[in-house]
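Q: Have a look at the structure that comes next, please.
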Amino acid sequence: MPTVAPLDLDGHVLAVEFLGDVPFFASANGTFHRLDGGDRVSEAHQGMLTAIRDPYSESLISGGEDGKVLRIAADGSVSEIATAPRKWISQVAAGPQGAVAYSYGKSSLVRLADGTTKEFPEERTVEGLAFAPKGLRIAAARYNGVSLHWIGMNAKPVDLEWKGAHTGVTFSPDGNFLVTSMQENALHGWKLDIKPGTEARHMRMTGYPSKVKSLSWSVKGKWLASSGAPAAIVWPFQGKDGPMGKAPLELGTRANIMATAVKFHPLEDILAIGFIDGMILAVRIADSKEALLRRPGKGAITAMSWSKNGKLLAFGSEAGDCGVIDISA
């Protein structure tokens, strides 16, 4: 078994991310804890709803019940990006050139590095946000589909329609596919590299026994891993049509114990899978070989993150049970 450095926090852990070699744990109570020669605490929100890593800088972006959008730097310092009094900021996304997106109610907003803010109204509540990997373009998941907005252009949004409630959204690393998680136990996908005048092609990914709350792309974007079953369900995206007509891999299968979090290794096709009973497995895609990283513990695993070199895996649970696993030990 690899060595585990434990940390016991008060309450639900929303997100876990590394900044440099330091793991940060975002708690629903509004605090960030960083393990940097001890547990160091940054007070951020009166109730935190979401936290993500900014892929373009060594910082985190968070939103809360206090209407604030904050940036947390690697030293734990907190700065305000935007504020919307009496609104709940439950979705945030970080884009290129310092752009930050956030949403409340039926509006998506993008704040650019120069401080200007652009608002994109929707007909339904925004449930998920993601920046495209290329260009200043944002996707907003909502009821009955996704809206794609170009930022800085007066182009009409592209509406990708599919009946039902879409609760999260992610682009493939090459930008060719867009995938949403749904209120029903399914994922939905669109192939985006389409010629003008043709419609985006649909992909249905169904058969989950419960809702998909965690998604992770492999380092080269060939695989999309998902929770929501008593195994990690991993869809193949290496062909030009993605998973259409192909069966997914089922990794780390356990009889009736649900996978609740998935996270691909940053350098290799290895997947960390967290379960509802607190267990964590690492599974290699090539041969499905499993390694036990953590025995069952308190609470379902809600978040995981690898360090940049892939030697450390940090995790958090809904009960506040956290830790860092050194897989090189």
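Q: With the full set of protein chains in place, find how many percent of the accessible area of the stretch 44-189 is carbon and sulfur; take the probe as 1.4 Å.
A: 48
Q: To continue, here is another question. How many nm separate the modelled label positions at ASN256 and ASP326, each set 7 Å beyond the Cα in the direction of the Cβ?
A: That separation, rounded to one decimal, is 4.0 nm.
Q: I'd like the accessible area for ARG124, computed on protein heavy atoms only with a 1.4 Å probe and all protein chains in place. Round to 10 Å², please.
A: 110
Q: Taking amide H atoms as placed 1.01 Å from N in the peptide plane, list the residues 5 or more away in sequence, or in a different chain, whose amide H sits under 5 Å from that of GLY297.
A: When sequence neighbours closer than 5 places are left aside, the close amide H contacts are GLY278, MET279.
Q: Continuing with the same structure: At a Förster radius of 25 Å, what calculated FRET efficiency corresponds to the Cβ-Cβ distance of GLU80 and ASP174, to the nearest 0.05?
A: Efficiency, rounded to the nearest 0.05: 0.15.
Q: Which loop GluC sites (Glu not before Pro) in the stretch 58-113, with loop taken from DSSP, have no more than 13 other Cβ atoms within 10 angstrom of their Cβ?
A: Within the stretch 58-113, the qualifying GluC sites (Glu not before Pro) (loop, at most 13 other Cβ atoms within 10 Å) are GLU58.
Q: Give the accessible area for LEU136 in Å² (nearest 10); use a 1.4 Å probe, count only protein heavy atoms, and leave out ligands, DNA and RNA.
A: 40
Q: Send over a whole-number figure in Å² for the accessible area per residue of the stretch 97-219, probe 1.4 Å.
A: Averaged over the residues of the stretch 97-219, the accessible area is 48 Å².
Q: Still on this model: Output ³J(HN,Hα) for the stretch 248-261: one whole-Hz value per residue in order, computed from phi by the Karplus curve 6.51 cos²θ - 1.76 cosθ + 1.60 with θ = phi - 60°, and x for Gly and Pro.
A: Ordered by residue, 3J(HN,Hα) equals x, 7, 10, 10, x, 4, 10, 2, 9, 9, 6, 6, 10, 8 Hz.
Q: Under a point spin-label approximation (7 Å from Cα along Cα-to-Cβ), what is the ARG204-LYS106 distance to one decimal in nm?
A: Modelled inter-label distance: 3.0 nm.
Q: If you place +1 on the Cβ of every Lys and Arg, -1 on the Cβ of every Asp and Glu, and leave all else neutral, what size is the dipole of the stretch 1-44 about its Cα centre, to the nearest 20 Debye?
A: Around 40 debye, computed over the stretch 1-44.
Q: Then there's this: Percentage of Cα-Cα pair distances in the stretch 202-329 greater than 21 Å, rounded to whole percent?
A: 34
Q: Further, regarding this structure: Is there a quick way to get the dipole size of the stretch 261-329? I mean about its Cα centre, with the Cβ of Lys and Arg at +1 and of Asp and Glu at -1; what is the value in debye to the nearest 20?
A: It works out to roughly 120 debye.
Q: Note down the magnitude of the dipole of the stretch 139-231 about its Cα centre, charges +1 on Lys and Arg C-beta and -1 on Asp and Glu C-beta and zero elsewhere, to the nearest 20 debye.
A: Dipole of the stretch 139-231, to the nearest 20 debye: 140 debye.
Q: Taking θ as phi - 60°, what are the ³J(HN,Hα) couplings along the stretch 93-101 by the Karplus curve (6.51, -1.76, 1.60), each to the nearest whole Hz, with x for Gly and Pro?
A: Running phi through 6.51 cos²θ - 1.76 cosθ + 1.60 with θ = phi - 60° gives 8, 10, x, x, 6, x, 6, 10, 10 Hz.
Q: Report the full-extension gain for the segment ASN185 to ASP21: residue separation times 0.36 nm, less the Cα-Cα distance, to one decimal in nm.
A: Full extension from ASN185 to ASP21 adds 55.5 nm.
Q: Between ASP36 and MET153, take the C-beta separation as r, use R0 = 45 Å, and let me know the FRET efficiency to the nearest 0.05.
A: It comes to 0.60.
Q: OK, next. Just round it to a whole percent: the fraction of Cα-Cα distances in the stretch 171-271 exceeding 19 Å.
A: Counting pairs separated by more than 19 Å, the tail of P(r) holds 40 percent.
Q: What distance in nm separates the simple spin-label points at ASP269 and ASP287, each placed 7 Å from Cα in the Cβ direction?
A: Distance between label points: 1.4 nm.
Q: Roughly how far apart, in whole Å, are the Cα centres of the stretch 197-231 and the stretch 1-72?
A: What the calculation gives is 26 Å, centre to centre.
Q: On full extension of the chain, what length is gained from ASP114 through LYS220, given 0.36 nm per residue of separation minus the C-alpha to C-alpha distance?
A: 34.9 nm
The values are calculated or read from the model by the stated rules, or taken from the named source; none is laboratory data. Small disclaimer: the values here were computed from a predicted structure and weren't measured. So basically every Cβ, Gly included, is an ideal-geometry build from the backbone, and we count neighbours across all protein chains shown. Surface areas here come from the heavy atoms of the whole protein model, side chains and all, with no ligands, DNA or RNA. Shrake-Rupley method; radii C 1.70, N 1.55, O 1.52, S 1.80 Å.
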